[in-house]
Amino acid sequence: MLGAAGELVDRAHDKGPAPQDTGAAAPAKAPVRASITLERPRRAEFGDYSTNAALVLAPALGASPREVALRLGGALQERLGASLDRFEVAGPGFLNLFLSDSWLIAALGDALDAGELFGAGGATPAEHILVEFVSANPTGPVHVGHARNAAYGDALSRVLAFHGHEVGREFYVNDAGSQVRKFGESIRALARGEPVPEDGYQGAYVEQLANQLGRDSTDPAELGRAAVSVMLGEMQSSLVAFGVMGFDRWAYESSLHEGDPSPVAHTLALLEEQGRTYRRDGALWLRTTEFGDDKDRVLVRSNGEHTYFASDIAYHQDKRERGFDRQIDVWGADHHGYVQRMKAAYEALGGDREHLELLIMQLVHLVRAGERALMSKRAGEFVTLDELLAEIGVDAARWYLLARSHDTTVDLDLDLAREQSNENPVYYVQYAHARIASILAKAGPERVAAALTAVAGSEPGPLHAAERALIELLLAFPVEVAEAAERRAPHRIAAYALELAQGFTAFYRDCRVVGAEPESVESFRIALCVASRRLIARSLGLLGVSAPEEM
RNA sequence: GCGCCCGUAGCUCAGCUGGAUAGAGCGUCGGUCUACGGAACCGAAGGUCACAGGUUCGAAUCCUGUCGGGCGCGCCA
């Protein structure tokens with residue numbers, strides 16, 4: 001049906017005035033087409049689906065919106081026949097469609113037939129996408145800021161993959177540069193009972209490292225490397241505990257400096273060949289200003305050392321050479337000033353800047369006693385991922401961090417989170433899942449299997465309003481996934497999951513499943529349970545949240 | 001000073017590639033009540049969508065400005 005309506009909208013539009021032969025008129029079509037929507041209205045009286053097509057097309061067709069809506073509705077009625085119960089023209093010219101029960105039942109049957117693949121795929125074009133996320137400095141534990149990044153990057157990867165993209169997942173390890181030495185110096189100082197150097201690293205974990213490694217070596221660089229290795233192991237286990245699906249690769253910054261030519265040397269050579277670099281004050285610069293940056297950036301310092309930027313460019317070039325059409329980097333808010341230069345460098349290397357998406361995660365603010373508290377790494381003051389998990393558990397933590405858009409600063413009050421974790425909506429969703437599992441168990445596997453084969457062509461009689469509402473919610477799933485994927489917005493899946501759980505609960509309240517008479521009704525409702533259960537589980541799965549059978 | 005993000009109900013946040021009476025969870029108040037799982041359900045109170053202009057048939061949504069908050073502006077990583 002939706003396809004039919006979409007086609008009609010297209011056709012109606014094509015019937016409009018022929019595009020003028022001016023260069024300016026031709027591209028006007030796209031925005032018009034894009035502004036036509038087919039949506040599920042909030043209010044039942046506005047129908048099962050509603051479109052603003054007539055409002056958008058009226059000016060081009062030279063008729064009033066209501067008149068256009070009437071014509072469009074008539075055409076749809078003719079085409080859809082009994083599937084469309086009726087249509088109404090409302091307000092300024094909305095076309096509201098009321099679908100028949102038989103159409104909804106058939107659509108549910110199709111959804112069930114699609115099985116676990118319902119809502120999967122559909123990405124056009126399907127791309128080879130690399131998602132780089134977390135990439136926390138290995139000089140400290142994973143804190144809640146990283147946790148948000150991890151949850152987001154992980155969920156986004158799952159959503160993109162489900163939508164049909166081929167997704168690679170990487171963690172970039174900053175294991176080169178002065179910070180590692182500084183890390184080593186801090187550890188050595190603590191091991192010797194000396195004060196930690198200025199802007200060094202502090203905190204209980206550093207002392208622990210000092211106890212663990214301090215006697216092995218006196219070389220700060222070596223000590224730093226050993227400590228990084230320990231930290232990486234801990235990060236990895238924290239992330240695994242948090243349900244972050246494995247990374248396909250841990251990309252080491254240090255490895256970008258190895259080999260002949262090293263990836264960094266290779267990339268610098270490319271940039272030089274393109275004439276994008278120059279020497280000044282003894283340093284090698286990249287003309288990022290040619291690609292929209294505020295000022296040019298140093299690649300090789302006058303002392304001969306590469307900047308972090310040089311490594312990062314080489315890393316992105318490496319990813320491109322490995323065949324990814326698109327790169328998504330999930331960065332912390334403190335990196336937003338870095339976006340322009342990275343995009344500039346990417347373009348300087350011949351990449352399309354639109355294919356490099358640098359997504360900025362806004363901060364997680366810690367709140368104590370109603371006041372914002374700062375997370376200072378230097379002072380070793382932060383809530384770690386491990387602590388968060390110990391307080392509220394994986395599912396509540398993931399939900400808390402994923403239910404919000406990535407570009408909103410979120411407040412995290414640990415005390416409040418702990419107190420309210422039992423009220424976390426994630427449990428409501430999980431409860432609905434467990435309840436369905438229980439209902440289906442009561443019906444028994446044979447009964448469920450029989451019910452599923454009976455859906456197509458079944459006539460359970462007039463549908464209850466709650467059944468209709470639930471079916472429409474289930475049918476919306478593919479669109480929700482597509483939106484979440486295209487807008488890089490996994491939080492929409494959380495909103496959908498909650499809505500679905502509420503829709504199911506309303507159905508459960510109003511419609512008896514096991515024991516419903518006649519048998520065709522019971523069958524249909526069992527099938528509805530199966531579909532609901534699958535999609536709740538799928539939605540939770542995309543968020544990396546468990547879908548328990550019982551709780 | 002410049003740049004990016006944000007400002008929606010008491011709290012935490014959706015909605016923001018423009019649509020019809022702005023939503024959810026929590027909290028508050030009042031009900032339902034032994035259910036195929038009550039971690040439930042129903043109802044109510046609660047909003048000048050920071051403010052001011054502009055574009056539009058229509059603006060929480062787009063544009064400009066102001067105010068407020070956050071984060072950045074290194075030959076650091």
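The values are calculated or read from the model by the stated rules, or taken from the named source; none is laboratory data. Everything numeric here is computed off the predicted structure, so don't read it as measured data. Cβ coordinates were reconstructed from backbone atoms using ideal geometry, including for glycine residues, and neighbour counts include every protein chain displayed. Heavy atoms of the whole protein, side chains included, go into the accessibility calculation; ligands, DNA and RNA do not. Shrake-Rupley method; radii C 1.70, N 1.55, O 1.52, S 1.80 Å.
In table form, for the structure just shown:
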| read-out | value |
| --- | --- |
| Any hit, region A:2-18, residues being within 15 Å of RNA strand B (Cβ to nearest atom), among the hydrophobic types (A, V, I, L, M, F, W, C), open to solvent by less than 80 Å² (accessible area, probe 1.4 Å) and at pLDDT 90 or above | no |
| Residue check, A:Ala495 under 19 Å from A:Pro425 (Cα atoms) and near RNA strand B (Cβ under 6 Å from one of its atoms) | yes |
| Among the candidates A:Ala484, A:Ala516, residue that is surrounded by fewer than 18 Cβ atoms within 10 Å (Cβ to Cβ), outside the structural domain of A:Ala150 (by TED's automatic domain parsing) and touching a helix residue (DSSP H, G or I) at 6+ places or on another chain (Cβ under 7 Å) | A:Ala516 |
| Test: A:Asn211 is out of contact with any Gly (no Cβ under 8 Å at 6 or more places or on another chain) and either surrounded by fewer than 16 Cβ atoms within 10 Å (Cβ to Cβ) or among the acidic types (Asp, Glu) (or both) | yes |
| Condition check for A:Ala161: open to solvent by 20 Å² or more (accessible area, probe 1.4 Å) and either assigned to a helix (DSSP H, G or I) or at positive phi (or both) | yes |
| So A:Leu475, is it crowded, with 17+ Cβ neighbours inside 10 Å and either basic (Lys, Arg) or more than 11 Å from RNA strand B (Cβ to nearest atom) (or both) | yes |
| Members of region A:56-73 found to be in a helix (DSSP H, G or I) and open to solvent by less than 30 Å² (accessible area, probe 1.4 Å), listed by number | A:Leu57, A:Ala58, A:Val68, A:Ala69, A:Leu72, A:Gly73 |
| Of the criteria (1) open to solvent by 10 Å² or more (accessible area, probe 1.4 Å); (2) in a helix (DSSP H, G or I); (3) touching a strand residue (DSSP E or B) at 6+ places or on another chain (Cβ under 6 Å), which one A:Arg148 fails | (1) |
| Hits in region A:352-364 - residues which are open to solvent by 10 Å² or more (accessible area, probe 1.4 Å) and more than 12 Å from RNA strand B (Cβ to nearest atom) | A:Asp352, A:Arg353, A:Glu354, A:His355, A:Glu357 |
| Lone qualifier among A:Leu38, A:Leu57, A:Leu61 - being touching a His at 6+ places or on another chain (Cβ under 8 Å) and modelled with pLDDT of 80 or more | A:Leu57 |
| Cβ-Cβ under 6 Å pairs, at least 6 apart or on other chains, region A:159-181 side more than 24 Å from A:Gln202 (Cα to Cα) and outside the structural domain of A:Glu480 (by TED's automatic domain parsing), far side among the charged types (D, E, K, R) and surrounded by fewer than 22 Cβ atoms within 10 Å (Cβ to Cβ) | A:His165/A:Glu127; A:Gly168/A:Asp248; A:Arg169/A:Asp248; A:Glu170/A:Arg249 |
| Total residues in region A:424-447, condition free of Cβ contacts under 8 Å to residues at least 24 places away in the same chain and either open to solvent by less than 20 Å² (accessible area, probe 1.4 Å) or within 6 Å of RNA strand B (Cβ to nearest atom) (or both) | 1 |
| Boolean, A:Ala450 is over 23 Å from A:Val429 (Cα atoms), part of a loop (DSSP other than H, G, I, E, B) and away from RNA strand B (no atom under 14 Å from the Cβ) | no |
| Scan of region A:192-211 for residues that are of a type in the set (Ser, Thr, Tyr) and assigned to a loop (DSSP other than H, G, I, E, B), ordered by number | A:Tyr201 |
| All positions within region A:82-124 that are among the charged types (D, E, K, R) and in a helix (DSSP H, G or I) | A:Asp101, A:Asp110, A:Asp113, A:Glu116 |
| Residue in region A:315-333 that is open to solvent by 10 Å² or more (accessible area, probe 1.4 Å), among the acidic types (Asp, Glu) and within 12 Å of RNA strand B (Cβ to nearest atom) present | no |
| Criterion: of a type in the set (Ser, Thr, Tyr), surrounded by 15 or more Cβ atoms within 10 Å (Cβ to Cβ) and within 11 Å of RNA strand B (Cβ to nearest atom) - qualifying residue of A:Ser311, A:Ser302 | A:Ser311 |
| Candidates A:Ala345, A:Ala373, A:Ala314 - the one that is modelled with pLDDT under 95 and of a type outside the set (Asp, Glu) | A:Ala373 |
